[in-house]
Amino acid sequence: MIEYPNTGSNMSTQEIEPLIQGFVANLVELVEANVAHRLQKAVASVLVDHAAPKRKVSQAETRSQPVARPIRRGPTPTPKMVQARKIQGQYMAAVRGLKPADRNRVKKLTSAKGAVAGLALARSLGQGGTGATPRQPQSIRG
């Protein structure tokens, strides 16, 4: 007889053996059913693949590694282009902090007289208003 600690029950090997055999039988049934199901799925997928018409495989799909596209670069910037972009950046920074009414004034002047005139007006309006003043560097304290 086997005594199990902390359970207070005594079971003989004659009582345990049928339980183990039933458990093993159930486990074997489940495994066999699972294997049979997986085999049926595999056979069905093979049959479906053969029944479907084969499509042509392109050369690009058979390559082992994808080919990178060549990098397309624009023209090298001329000094005139660099200056225009610099003015545009300064203009955008100056207009950003303006109130809507002041911004509309600057846009009208810019369309009439050009970006340099609009930039000058935006800077002058930004000095008196809030938010558009350029930051001054702080002095280094020792």
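Each value in this text was obtained by applying a stated rule to the coordinates, not by laboratory testing. Everything quoted here is computed from the prediction, not taken from an experiment.
The HN-Hα couplings worked out from phi for segment 68-77 by the Karplus form 6.51 cos²θ - 1.76 cosθ + 1.60 (θ = phi - 60°) are 6, 6, x, 6, 9, 10, x, x, 5, x Hz, whole numbers, x standing for Gly and Pro.
What number in nm² do you get for segment 79-128 if you take the convex hull of its Cα atoms and divide its surface by four?
Values: hull surface 12.7 nm².
Mean orientational projected area (segment 79-128, Cα hull): 3.2 nm².
Based on the convex hull around the alpha carbon atoms, segment 9-49 presents an average projected area of 3.2 nm².
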